[in-house]
Every structure is written in structure tokens, then in C-alpha cells.
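Below is one structure, written out as C-alpha cells; the observations come after it.
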Amino acid sequence: MKKSEHASGRRDFLKGLLTAGAAGALGGIPGSLLAPRRAGAAPFDPSEYQVFRNACPRNCYDTCSIKTYVRDGVVQFVEGAPESTFTKGSLCVKGYTYPRRIYSPDRIKYPMLQEGRGSGNWKRISWDEAMGRIADKILDIKKRDGNLLGLALSKYSGNFGITNNCVEGMMSSLGYTSRFVGTPCWPAGIDAQNYDLGDMWCNDPEDMARARYIIVWGANPAWCSMHSMKYLYAARERGAKIVVIDPILTQTAAKADEFWQIRAGTDGALALGMARHLLDRGLVDQDFVSRCAVGFEDFAAYLRANVTVEWAAERCGIPAEAIRAVTEEFAAARPATVWIGYGMQRHTNGGSMVRAIDAFVAMTGNIGVEGGGVRYGHLRTWGFNFHAMLQQPPEGSVGFTGATGPKGEFDFADGAKPAAYSDRPLNMNKTAQEILDAKDPEIRMLWISCKNPFAQDFDRNKLEKAFKKLEMVVSVEQFFTETVRHSDIVLPVTTLFEEWTVNVSYWHYWLSLNEQAVKPMHEAKSNLEIAALLSRAMNAREPGSCTFPQEVDGKEWMIKEFNKGIYEQFGLSSWEDLRRGPAKARMASSASWHDRKFATPSGKYEFSSELCARNGFKALPEYVEGRKATAPFRLMTPHVQFGLHSQFVNLDWMEAFYPEPFVYIHPRAAAARKIEDGAMTRVSNAVGEVVVRACITDTVPEDCLVMYEAWFRKLDFNVQNLVDDCAADMGAMKTGAPGVALHDQFVDIAPVGGGR
Ligand SMILES: Nc1nc2c(c(=O)[nH]1)N[C@H]1C(S)=C(S)[C@@H](COP(=O)(O)OP(=O)(O)OC[C@H]3O[C@@H](n4cnc5c(=O)[nH]c(N)nc54)[C@H](O)[C@@H]3O)O[C@H]1N2
Ligand SMILES: Nc1nc2c(c(=O)[nH]1)N[C@H]1C(S)=C(S)[C@@H](COP(=O)(O)OP(=O)(O)OC[C@H]3O[C@@H](n4cnc5c(=O)[nH]c(N)nc54)[C@H](O)[C@@H]3O)O[C@H]1N2
Ligand SMILES: [Mo]
């Protein structure tokens with residue numbers, strides 16, 4: 001986009017805010033709401049509002065508890081719930097834009113049909129027509145293939161509200177289908193922690209305030225978990241030192257006492273070097289490694305034979321002296337903790353790097369300690385019924401057996417009884433390739449919900465090809481994303497303020513109710529209502545073809561997710577207690593593994609894991625080299641401050657903060673390529689290319705380019721034109737597919753002329 005266009009976009013936005021035209025744009029909000037407050041106007045009077053409890057359902061550490069203020073049936077403003085000590089009354093800037101999301105003129109308002117996928121030739125259709133067309137297609141697929149494996153679901157983290165698992169339930173209620181499994185997010189680290197500890201289970205983040213030493217290792221909480229920052233600051237006020245290890249001088253790094261600009265993908269070497277130094281200096285917690293762990297002697301022998309601090313320094317680019325000093329400080333401070341970020345494990349050797357860091361911290365005895373620990377994530381508060389998700393396929397459904405033949409005919413030569421059918425798993429991190437490769441039957445139809453594959457999946461050009469193979473694509477969305485552009489039918493879905501659900505976090509230990517605060521705008525329906533509508537259409541055409549209830553009540557379905565375990569864990573007598581505010585899990589200790597009984601096969605911390613070896617890796621957390629460079633620069637595409645993946649940045653309110661993306665490049669690299677600050681550049685590799693303005697900064701390493709992922713409504717910017725689908729090492733054990741090495745990408749850059 002040219003600069004002038006950008007400026008005029010901004011003008012439109014300001015004009016929209018200031019003129020009566022905005023009332024129309026805001027979808028019929030009473031004009032009085034838009035009137036500026038007059039001087040001398042009555043002070044804020046809470047009794048004028050109805051207050052609702054909501055929760056931010058985005059895939060974010062913070063999963064904020066929200067208080068929503070409604071008047072005249074309209075959300076007036078939102079604030080962070082003060083009852084949660086984690087949210088503590090404040091939202092991030094993204095969260096404060098929620099009222100605009102509900103009333104954005106850009107929302108998808110009705111079911112729509114695109115005549116000619118990608119043509120832009122959209123026409124409004126009724127819900128009946130939309131569901132009729134979809135049901136006809138599903139029945140057609142079943143007739144042709146004898147099963148529904150040609151229907152695939154692409155869903156991930158657009159909305160983590162528990163009842164939104166009804167989308168999976170809807171698919172199950174049709175029969176056995178194809179499912180994209182795994183996660184692009186954190187799987188390598190999950191498996192790594194499972195090998196070492198038996199589960200992924202982190203301390204309460206609030207107890208970080210008690211740490212005496214904190215290493216933030218490959219995470220950027222200043223942007224990605226801003227509510228956690230207060231615990232880092234509190235710890236520092238009590239004398240803790242904070243070290244950040246990241247290839248980029250992030251805003252988190254800028255707040256640290258010490259920053260190590262590590263060579264990406266070499267954290268394993270660094271952690272092993274630190275472990276070796278603990279051995280050399282006699283700083284190992286002997287009690288922990290002998291009583292609470294197995295395999296330590298083997299690991300120590302590996303370190304002595306293969307690792308020195310100098311060896312580590314050479315690989316990771318951190319001076320040996322600094323490695324020694326921080327290792328000694330970390331071992332001397334107690335409690336000391338490492339926050340292992342998700343960005344760090346998105347590498348071909350990501351899981352092995354997490355294991356090496358776990359091992360270093362274990363050697364210092366900081367696991368199972370309040371204020372200590374290797375913090376990665378947890379799912380300890382997710383014990384819902386998953387009633388919405390667990391639906392039964394219709395009687396007689398034919399599915400996947402692991403050896404599917406065409407048309408659902410299976411060859412059981414030995415006359416054995418067929419195994420129970422299942423859904424066909426496809427690797428979410430290779431969405432494009434899986435669609436291209438699927439056979440017997442091919443993927444004919446894709447249902448997309450809470451997922452934006454064109455923005456978030458890898459190798460965009462390949463995805464374009466893959467979508468051409470699909471006979472029908474249905475997107476359930478709020479905005480006209482690039483994925484919607486690649487769809488035939490789009491169904492408008494509610495925002496969190498227009499539906500009932502319940503939310504928990506994979507980081508903190510709070511539980512929040514999400515009440516319906518306002519009626520759905522336009523013709524939007526919740527995922528739950530959409531499932532019921534589809535069931536109606538299916539059963540009208542072929543009775544018994546879909547088991548999903550045809551009438552649903554969102555509130556009732558929310559209530560069905562609660563059980564005794566949840567009530568006990570959170571000290572609730574009823575879900576209605578949550579109307580007074582979010583609740584925190586009652587915990588024996590803020591420390592995970594506080595009894596030092598680990599969930600591994602041995603029941604101990606496993607420096608040496610047989611399970612890991614059986615799964616094709618080393619038993620010990622040995623050094624594994626990263627992906628070989630194939631072009632002059634490494635490209636990293638981490639998470640953006642003003643958006644959450646493909647969400648938020650598209651809102652006009654956000655454009656004011658983040659109007660345009662950049663490729664960030666080091667001054668020396670820019671000089672070598674004759675790139676001036678603000679010049680347009682072409683960044684390219686074998687996957688594709690992106691044309692984007694350069695920002696020269698010494699916050700990035702000389703051999704590295706950075707582009708933050710984000711979706712802009714008016715810009716043709718997509719980092720996935722440069723990111724391939726190369727797998728990370730681990731993740732298949734717990735999530736069904738390995739992670740993705742999205743930070744192991746290599747590119748070149750050249751100016752294209754036309755600077756500022
Ligand atoms: N290059 C690169 N790629 C990455 C990453 C990276 O760092 N770099 N990060 C990866 C990571 S960590 C993750 S978690 C994934 C995230 O990938 P996704 O889960 O696909 O990401 P989102 O953009 O959060 O959400 C997807 C869509 O859900 C829609 N949505 C929101 N609410 C609802 C709802 O209530 N119902 C329905 N039906 N839809 C809704 C949003 O409008 C949005 O278009 O991306 C991965 N991809
Ligand atoms: N504002 C905002 N908040 C978010 C999100 C968002 O998109 N925007 N996304 C949410 C989601 S789904 C997730 S998964 C989390 C992600 O939370 P984080 O894990 O904190 O986020 P990332 O930006 O993916 O990666 C963090 C850092 O890892 C660094 N990194 C990459 N490779 C390496 C390496 O080899 N070694 C080291 N030491 N560091 C490395 C990157 O430079 C980056 O600064 O945040 C959540 N919160
Ligand atoms: Mo993520």
C-alpha cells in the first residue's frame with residue numbers, strides 16, 4: 001500500500017468517529033451514545049449500566065476476565081475484572097477495542113455465497129439456503145464415498161470458549177470425518193516436558209513475584225502476556241535479577257537487567273553449557289538429582305565428554321564469562337525460575353532445546369519450588385465435561401481404520417473384525433500438503449471455524465493450490481479474511497459478548513464465566529446454533545443423518561460443561577457464583593510438582609527418558625543442531641504487539657496504533673544490501689515473496705530479518721508467503737503431530753525502489 005492511501009485510510013477512520021455517519025457504520029447504535037460528553041456532564045454512575053461477566057477467549061496466556069457495561073442493549077465499554085488478581089482491573093489495548101469489534105462495520109452480517117471462489121462476487125443468502133446447500137453437499141459426499149472422510153474440519157484457536165468445542169461435536173454428529181490434528185503453537189515443548197516431568201505443568205505465574213532470579217527464555221511477555229509483567233517487576237523490587245534470552249531485543253528484553261542476544265536455535269547448546277558449569281563448580285543440588293530424579297549420572301557423563309562452556313559459547317554467541325556468571329548467580333539464588341517461551345521451541349530442534357533447559361533447572365533443584373520451576377504452560381484447570389464436543393456419530397457410520405479403502409470398503413483378509421472406526425487425522429501443520437495428498441477419499445469439503453489458515457498456516461502458495469482441489473469451502477467467521485476470500489460460503493458468527501461460554505487459561509489458574517451480554521448483531525449465530533441448524537437441515541433431508549440436537553440453548557450448554565471436579569477445584573457451589581466475579585483454583589501450593597512426585601514412568605524427574613528414546617529421539621537431552629541455512633538471512637515471524645495472530649489488527653481502531661508492517665533489518669545488513677530506512681524491499685525464498693517497507697534497527701541480529709505476523713484489512717501482507725511447513729522435532733506424542741519450525745526460515749532481501 002502506498003503511503004498516501006494509508007493516510008487517507010486514517011482520515012476516513014477519524015472522520016468516521018467524528019461524524020453522524022458513524023452511527024450507521026456502527027450498525028444502528030443510538031446516536032446519543034456517540035455524542036461527546038459535555039463539560040459538566042453527570043459523573044460516571046454504575047447504576048445506569050447492566051454489568052456482565054465475560055472472558056477474552058483468544059489464544060493468549062492472559063485469558064482476561066472482563067467486566068462489560070451495557071446500556072440500551074449496547075456494549076458501552078469493557079474493563080478488566082478487578083476480582084482477578086491476574087487481570088487486576090486492566091485489559092491490554094487489544095481488549096479495550098472489543099466494543100468496536102462487536103459494532104464494526106466490517107463484520108460479516110449475513111450468510112453469503114461467493115459465486116466463483118475468489119471472484120469477490122458475494123451475494124447474501126438466507127440461513128436456510130446456506131444450510132441447505134451445505135447439507136446437500138455433505139449428503140452428496142456420503143453417497144459418493146460411502147463415508148464422510150472427504151469432509152475435513154480445520155479449527156484451532158480463534159475462540160477457546162469451552163462450548164465452542166461444539167464444532168468438533170457437530171462433525172462427530174455427522175459421522176467420521178477428517179480432522180486436522182496437532183497445533184502450530186507449542187507441541188514440541190509439551191512433549192519435551194512430558195518426557196522430563198511426565199506432564200506440562202507450570203507454577204502459578206503469580207508466584208513469580210517470589211522468585212529471586214528469573215530467566216525469560218524465548219518469550220516476550222511485554223507483548224504476549226502483559227499481565228505477567230507485574231510479577232517480574234514485583235520480583236525485581238524484592239531484589240531479583242531478570243535475564244532475557246532472545247535473538248531479538250524485544251520490549252521484554254529492554255526491561256531486563258541482562259539481555260543475551262542468542263543465535264536462534266542454539267539454546268540447547270547454551271543450556272548444556274550452563275549445566276556443565278554447574279557440574280564443574282559443584283553447584284548441583286545433589287539431593288534433588290539423586291532422590292527425585294533418574295539418569296543424572298548418565299547425563300553428567302554426557303556433559304563431561306561432550307560439552308564445555310567454551311563449546312557452548314562458540315555455538316550460541318554468548319561470551320563464556322557471561323554464561324559462567326549467570327549460571328553461578330542462578331544456582332545461588334533461591335527460588336530461581338525459567339520461563340520457557342513458545343517462540344523458542346518452534347525450531348527443528350525445539351523439543352530438544354526445552355529438554356536441555358529443563359535439565360539445567362532440575363540440576364539446581366528449583367523444580368517443585370514456589371517461585372521456582374520451568375514454566376511452560378498447564379492444562380490443570382481444563383477438567384470440563386466437554387459435553388459440546390463429545391457427540392456420537394449416527395448409527396452405522398463408516399470411518400477411518402488406519403487402512404481405509406475407497407468407498408468405505410475395507411479389506412480384512414484374515415476375516416478379523418474391523419477395528420472401531422475413527423476420524424481420519426491430518427497434520428494441522430501441513431494443512432496444504434495433507435489436502436494435496438489425501439486419497440481414498442480425497443478431501444472434498446472443508447469446514448473452517450475458529451481458524452484462519454491463509455493467515456496462520458504455512459506455505460501460502462501451496463495452500464492456494466490445495467484449496468483449488470476442494471469442491472466446497474465453508475468458513476464460519478466474523479470478518480472477511482483471506483480465508484473467507486477462498487471460501488464458497490461464509491456464515492456470520494457471534495462475538496464473545498453475544499454468546500454463553502466459560503473460559504480458563506493455559507498459564508494462570510483463574511476461571512471466568514462468559515455471559516451473553518447483548519443480542520447477536522445482524523444475523524450472526526453462535527457455533528452452537530450453527531451446529532443445531534445444520535442438524536435440522538441434515539435431518540430434514542435424510543432423517544437420522546445427524547445426531548446433533550436441533551434445538552439448543554447456549555446457557556444450558558454452558559451449564560452442562562460444569563462438574564463436581566470443577567466446582568471443588570474452584571471452591572464454587574454453583575456456576576452462578578461466577579456472576580460475582582472470576583474464581584481461582586484452590587491449590588495445595590503455587591508450585592507445580594510440589595510433592596516431587598513426577599508423572600513420568602519412573603515417577604521421578606527423568607534426565608534420561610526411555611520413552612523419549614522409544615519415540616526416536618535421544619534418551620538424554622543431548623545437543624541437536626538446528627536447521628541448515630539455505631539463504632543469507634534467517635527470517636523470524638513472531639507475534640505482534642497490537643494483534644493476536646490474525647485478529648485485532650484488522651480493526652480500524654487498531655490501525656491507529658499499528659498502521660503498517662515492516663521488515664526489521666540490522667543497519668549493517670541494510671547497508672550491504674543498499675536498503676535505506678523506509679525503503680520498499682522484496683523479501684523472498686523458495687516458498688514465495690513479500691514486498692514490505694524496511695525498518696532499520698539494531699534490535700535484530702545482523703543475519704536475521706524479523707516480520708511480525710498480522711492480518712491487515714487493506715494490505716496484502718502475509719508472512720506465510722515465506723514460511724514453509726518444515727516440522728519441529730517433537731509434539732506428535734501428546735498432540736498428534738509434531739510442531740512446526742516456523743522460525744527456521746531463510747530468505748534474501750533486496751530493495752525494490754521507491755523509498756520514502
Ligand atoms: N508465521 C507464523 N505463523 C504462525 C505463528 C507465528 O508465530 N508465525 N504462530 C502460530 C501460533 S502460536 C498459533 S496459536 C496459530 C494461531 O492460528 P489461529 O488459531 O488460526 O489464529 P487466530 O488468528 O487467533 O484465529 C483464527 C480466526 O478465528 C476467528 N474467530 C474468532 N472468534 C471466533 C468465533 O467465535 N468463532 C469462529 N468460528 N471464528 C472465530 C478469527 O476472526 C480469526 O480469523 O498461528 C500459528 N502461525
Ligand atoms: N499481543 C499478542 N499476544 C499474544 C499473541 C499474539 O499474537 N499477540 N499470541 C498468543 C499465543 S497463541 C502465543 S503461542 C503466545 C506466544 O508467546 P511467546 O512465546 O512469548 O511469543 P512469540 O512471539 O511467538 O515468541 C517469543 C520470542 O521467542 C523468540 N525466539 C524465537 N526463536 C528463538 C530461539 O531460537 N531462541 C530464543 N531464545 N528465542 C527465540 C522470538 O524472538 C520472540 O521474541 O502469546 C500469546 N499472546
Ligand atoms: Mo500460539
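Any read-out appearing in this document is the output of simple, stated calculations on the displayed coordinates, not a laboratory observation. Remember, it's a predicted structure, so these values are computed and weren't measured experimentally. Positions of Cβ are backbone-derived with ideal geometry, glycine not excepted, and every protein chain shown enters the neighbour counts.
Data overview
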{"read-out": "Radius of gyration, Dmax [the chain; alpha carbons; angstrom]", "value": "26.2, 87"}
{"read-out": "Mean shadow area of segment 560-701, taken as a quarter of the surface of its Cα convex hull (nm²)", "value": "16.5 nm²"}
{"read-out": "Coordinate range along principal axes, alpha carbons of segment 633-753, Å, largest first", "value": "47, 36, 25"}
{"read-out": "Cα-Cα P(r), segment 531-608, percent of pairs per 5 Å interval", "value": "3, 12, 12, 11, 9, 10, 11, 10, 10, 7, 4, 1"}
{"read-out": "Dmax and Rg, reported as Rg then Dmax, of segment 347-391 (C-alpha, Å)", "value": "15.9, 47"}
{"read-out": "Under Karplus coefficients 6.51, -1.76 and 1.60, residue-wise ³J(HN,Hα) of segment 608-621 in Hz, glycine/proline x", "value": "10, 10, 5, 4, 4, 5, 4, 8, x, 10, 6, 5, 8, x"}
{"read-out": "Amide H contacts of residue 365 (H built 1.01 Å from N, under 5 Å, at least 5 apart or other chain)", "value": "285"}
{"read-out": "Point-to-point label distance, residue 106-residue 119, nm (Cα→Cβ direction, 7 Å offset)", "value": "2.6 nm"}
{"read-out": "Gain in span if fully extended, residue 602 to residue 689, counting 0.36 nm per residue against the direct Cα distance", "value": "26.4 nm"}
{"read-out": "Cubic angstrom per residue, convex hull over Cα atoms of segment 572-631", "value": "239 Å³"}
{"read-out": "5 angstrom amide H check on residue 663, placed H, neighbours 5+ away", "value": "693, 694, 695"}
{"read-out": "Order of 646, 65 - criterion: other Cβ atoms within 10 Å of each residue's Cβ, fewest first", "value": "646, 65"}
{"read-out": "Amide hydrogen neighbours beyond the local backbone of residue 87, cut-off 5 Å, H modeled", "value": "65"}
{"read-out": "Fewest-first ranking of 241, 564, 465, using other Cβ atoms within 10 Å as the exposure measure", "value": "564, 465, 241"}
{"read-out": "Separation in nanometres of the label points that stand 7 Å from Cα toward Cβ, at residue 550 and residue 573", "value": "4.1 nm"}
{"read-out": "Net charge of neighbours whose Cβ lies under 14 Å from the Cβ of residue 221, counting Lys and Arg as +1 and Asp and Glu as -1", "value": "+1"}
{"read-out": "Among beta bridges that DSSP assigns inside segment 633-753, antiparallel share in %, nearest 5", "value": "70 percent"}
{"read-out": "Surface/4 of the Cα convex hull for segment 476-624, nm²", "value": "15.6 nm²"}
{"read-out": "Whole-Hz couplings from phi, Karplus 6.51/-1.76/1.60, listed for segment 96-113; x for Gly and Pro", "value": "5, 8, 4, x, 5, 4, 4, 9, 5, x, 7, 4, 6, 9, 9, x, 9, 10"}
{"read-out": "Of the GluC sites (Glu not before Pro) in segment 491-588, those whose Cβ has at most 16 other Cβ within 10 Å and which sit in DSSP loop", "value": "523, 551"}
{"read-out": "For segment 705-720, 3J(HN,Hα) per residue [Karplus equation, 6.51 cos²θ - 1.76 cosθ + 1.60, θ = phi - 60°, Hz, x = Gly/Pro]", "value": "10, 10, 9, 7, 5, 5, 10, 9, 6, 10, 10, 8, 10, 7, 5, 6"}
{"read-out": "Three-way shape call for segment 128-168 based on the alpha-carbon gyration tensor, with the a/c threshold at 1.5", "value": "oblate"}
{"read-out": "Ranked list, fewest to most other Cβ atoms within 10 Å of each Cβ, for 207, 191", "value": "207, 191"}
{"read-out": "Environment charge of residue 470, counting only residues whose C-beta is closer than 15 Å and scoring Lys/Arg +1, Asp/Glu -1", "value": "+3"}
